[in-house]
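The values are calculated or read from the model by the stated rules, or taken from the named source; none is laboratory data. Treat the numbers as computed from the prediction; the structure is a model and nothing was measured. With ideal geometry, Cβ positions are generated from the backbone for all residues, glycine too; neighbour counts draw on all protein chains shown.
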Amino acid sequence: QGEAGEEHAVGKKMAGSKAKAHGAKFRSKTLKVERMKLLEMGYQAEEKRQFPIPRFPLTLASYVLVFQTDDEWISGEGVSYAKLTMQPILDKLRSADIIVREFMSSDNKYMFALVSIAEKRQKMIAEIMGEYELIRLRLQKLDDEMNEIKGAGAWMHFQGHLAPHYEKSTEGTVFSSCQQQHIIHFLLNDVDERVLGPQLMQKEACEPGNSILEQLQIDEKIVDHFPLHQENKREWLEKFWVNSYANKQPIEDIREYFGEEIALYFAWFGFTLKMMWIPAILGVLVFAAQIISIQSGSVDNPFTPLFSLFVAAWGIFMTSEWKRLEIIYQNEWSLAEYEDKESDRREFVQNSKTYKRLNNITSKEEFYPDPIWRSIFLTASVTAVSGVIFLITLTTLGLEVLKSSLGSIEGGSEWIPRVIGTLLQAILILAFRWASEHLCEYFTALENWRFDSQYRNAYVSKLLSITFINEFFPIFCVAFLNNRYQPFGAYMGCPGSSCVDYLEIVVSIVFLTRLVSRRVFEMMRTSNRPNEESVDDIEEEVGRVENEFKKPSFPGIDHFFDSRVVDLGYILLFGSAFPLMILIFVATSIFELRGRARQLLFSLRRPLYRCSQTVGAWGIILDIIVIMSIVTQSAYICFTSNAVLYYFPNITMYGRTALALALEHILLFIKIVVESQVDIPGDVDIACKRKLHEKSVFLDGLGEYDEERNVAFYTSDEGYAEYAQ
């Protein structure tokens, strides 16, 4: 009985342990499912990243320095001057409490040094950067049960003694990988001596305008430098942003990973795409009406004037709603009072036409451009841009005359020469576009602008001045000049009595050629996407760094805005001429949005953090296009289309002119009224004020912070009394 009792007890114990194990396994599985649900809802670093095991580099972002090797280094024979150049730099990095890992490239041509900073060091540097308003974090906000509410706290610049009260990034760290790389870049360039950087070289040894990293690259001590992607977050963005077409864009995660400038671009892109669904659907209906009306000999129909007015009004409301949304983002991200403290451009400082003078207000020396040469180069730029515009205008008129002449030959088709000529026109538009980009870059560089924003605005203004004529004048020519004017004394007309049918063909060919060509070029650029999987071992990590090294740098956000704004110009100016164009544009935009995202994540190097309060000059340019749309649509209704006769059968040319002016003034008045109502929504304003109040109460509750109570007092080697952590 005793043995049986023991066996029963042992069996019961084993059964109990199995039950516990099964229960633990079930709970583990349940927690895993719940965690996956949280991950599906939004990016949140998994447990191993929020509570990392002590193994580098689970939570630390990396910045890459690239060094050239030589034959002596590889063979190990003789003196390697490349190694002698690299080693002092790495020694200085390590002596400054910076973590450095070294990898040799697969072809042994380069040595990659991955630079990271421990979190304790990051906080010290971030506090100094906070004084420049370069590092901002959200304060934690807790509910009644002391659970954190994500994204609900107020923003403030980083202060070390408040570190426990800041909200962690979704990557599980105090600073996101984007902020960490911003900190590393700040440290390596020794922007502020208080960060006790590695001093890779003396600032006095740098050429004026060069940072330390730029000077090292010019001196060929390093080959290149760039930030590295954070793999977990990039994989999440690929899944829930690039490959997710049905869900909303994770704008907050994009802001955290890239910065406000890029996040605002994708917010603007998504907003314009969302706003185009209604005109796209109406455009399909109007296009169907055009097909039905072809039986009468023309695509012109009674719905054309109504759709034209709708497109113009839609442009007004779209721009005003974006301005309201932009204000919401400014308040949500605390950008309303943000001021970009720009430094002088390197090219400006090093220009031979730049001089120094004493500023009477600040009593400091500052650089200024030679006013005489600035005037000369500005005059040259205006002359060059005007010359290109004149050449484009002349070419367009000549080609239109040629198409009309060939189409009027007896016995021949009047449509074939015009279609072929329009295809040639579309190719010429692409060629002029390519040439104008290089021309604008050249003359903008000659103008010697001091700040980067000035340079960008000057470049964009020149490029779009040429682009508007290059892209839109051939269509304006068909819509408003054909059958009315005879340039050079030559006939320039449309087939039949109306230009509406011919205009629709021209718009469709030019616009579709533009979309297809851009798509082909983007596919060519992104076709060689590197195979980047997990990085569990050293070889895969080396391959990942090599892939990033081979990629081109981010060309700037203006490169993304440019093509999109011109596309919107086609919609706003000529959407009523080819109504199906809007649906085509919406369909391509869905894939283009994800294509841009994929390009940022996989085809280009990761850009450094950039903050921006608005979309900049592109908002003003879009306003100009909307005003052009009001004028164009009014003229199209009254002068190009004969559909106005459905409503005013006896209207004369004077009546058409009066109607066009009336429509234009009414639409402009609507624009003024609508934009006067643009303001921050009441609930958003209250929420922002509540955050500021809670922040004020929180800081008042902490009392004044005394640095001397939290640091140690000691005497430095030079004999000075100092306080330090």
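Within region 600-609, identify whether any single residue is touching a strand residue (DSSP E or B) at 6+ places or on another chain (Cβ under 8 Å), closer than 30 Å to Val64 by Cβ and of a type in the set (A, V, I, L, M, F, W, C), and answer yes or no.
yes
Being closer than 19 Å to Asp623 by Cβ and either touching a Pro at 6+ places or on another chain (Cβ under 9 Å) or assigned to a helix (DSSP H, G or I) (or both) is the filter here; which residues of region 274-308 pass it? Steps first, answer last, please.
Taking region 274-308 and keeping what is closer than 19 Å to Asp623 by Cβ, we get 275-276, 279.
The answer is Met275, Pro279.
Being basic (Lys, Arg), farther than 27 Å from Arg610 by Cβ and assigned by TED's automatic domain parsing to the domain that holds Cys499 is the requirement here; does Arg433 meet it?
no
Give me the residue from region 302-320 that is among the hydroxyl-bearing types (Ser, Thr, Tyr) and under 16 Å from Gln677 (Cα atoms) and, out of that set, surrounded by the fewest Cβ atoms within 10 Å (Cβ to Cβ).
Out of the qualifying residues, it is Ser320.
Of the conditions (1) more than 25 Å from the chain's Cα centre (by Cα); (2) part of a helix (DSSP H, G or I); (3) surrounded by 17 or more Cβ atoms within 10 Å (Cβ to Cβ), Phe186 clears all except one; give me its number.
Result: Phe186 fails condition (1) only.
Out of (1) in the same structural domain as Glu592 (by TED's automatic domain parsing); (2) within 15 Å of the chain's Cα centre (by Cα); (3) modelled with pLDDT under 95, what's the single condition that is false for Gln249?
The single condition Gln249 does not satisfy is (1).
Kindly indicate which of Val191, Val195, Val242, Val223 is among the β-branched types (Val, Ile, Thr) and farther than 25 Å from Ser116 by Cβ.
The unique qualifying residue is Val242.
Looking at (1) in contact with an Asp or Glu (Cβ under 7 Å, 6 or more places away or on another chain); (2) within 30 Å of Ile222 (Cβ to Cβ); (3) among the charged types (D, E, K, R), which one does Arg138 not meet, given that it meets all the others?
Every condition holds for Arg138 apart from (2).
Residues are listed down the side, and each one gets a yes or a no for (1) part of a helix (DSSP H, G or I); (2) in contact with a Ser or Thr (Cβ under 8 Å, 6 or more places away or on another chain); (3) farther than 25 Å from Met628 by Cα:
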| position | (1), (2), (3) |
| --- | --- |
| Ile420 | yes, no, yes |
| Phe443 | yes, yes, yes |
| Asn448 | no, yes, yes |
| Ser465 | yes, no, no |
| Asn470 | yes, yes, no |
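Out of the residues in region 250-294 that are acidic (Asp, Glu) and closer than 19 Å to Phe561 by Cβ, state the one that is surrounded by the fewest Cβ atoms within 10 Å (Cβ to Cβ).
Per the stated criteria, the residue is Glu261.
Within region 473-513, track down each residue that is within 32 Å of the chain's Cα centre (by Cα) and surrounded by 21 or more Cβ atoms within 10 Å (Cβ to Cβ).
Result: Pro474, Ile475, Val506, Val507, Val510, Phe511.
For region 355-376, indicate whether the set of residues that are of a type outside the set (Phe, Trp, Tyr), on the phi > 0 side of the Ramachandran plot and surrounded by fewer than 16 Cβ atoms within 10 Å (Cβ to Cβ) is non-empty.
Checked against the condition, which is being of a type outside the set (Phe, Trp, Tyr), on the phi > 0 side of the Ramachandran plot and surrounded by fewer than 16 Cβ atoms within 10 Å (Cβ to Cβ), region 355-376 yields at least one hit.
Go through Ser244, Ser211 for me and flag whichever is modelled with pLDDT of 90 or more, surrounded by fewer than 20 Cβ atoms within 10 Å (Cβ to Cβ) and of a type in the set (Gly, Ala, Ser).
Answer to the check: Ser211.
Tell me the residue from Ala126, Ala152, Ala163 that is of a type in the set (A, V, I, L, M), assigned by TED's automatic domain parsing to the domain that holds His225, part of a loop (DSSP other than H, G, I, E, B) and more than 17 Å from His225 (Cβ to Cβ), please.
Matching residue, one of Ala126, Ala152, Ala163: Ala152.
If you scan region 358-373, which residues turn out to be more than 32 Å from the chain's Cα centre (by Cα) and at pLDDT 90 or above? Reasoning before the result, please.
Going residue by residue through region 358-373, those that are more than 32 Å from the chain's Cα centre (by Cα) are 358-365, 370-373.
Answer for region 358-373, where residues must be more than 32 Å from the chain's Cα centre (by Cα) and at pLDDT 90 or above: Asp370, Pro371, Ile372, Trp373.
Return yes or no: is His225 under 23 Å from Phe186 (Cβ atoms) and part of a strand (DSSP E or B)?
Against the criterion (under 23 Å from Phe186 (Cβ atoms) and part of a strand (DSSP E or B)), His225 qualifies.
Can you say whether Gln217 is under 30 Å from Phe269 (Cα atoms), in the same structural domain as Ile117 (by TED's automatic domain parsing) and either without any contact (Cβ under 8 Å) to a residue 40 or more places away in the chain or assigned to a helix (DSSP H, G or I) (or both), as far as the supplied structure shows?
No; evaluated as a whole, the condition is false for this residue.
Table: residues versus (1) at pLDDT 95 or above; (2) small (Gly, Ala, Ser); (3) in a loop (DSSP other than H, G, I, E, B).
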{"position": "Phe480", "(1), (2), (3)": "no, no, no"}
{"position": "Asn483", "(1), (2), (3)": "no, no, yes"}
{"position": "Met492", "(1), (2), (3)": "no, no, yes"}
{"position": "Ser498", "(1), (2), (3)": "no, yes, yes"}
{"position": "Glu504", "(1), (2), (3)": "no, no, no"}
{"position": "Phe521", "(1), (2), (3)": "no, no, no"}
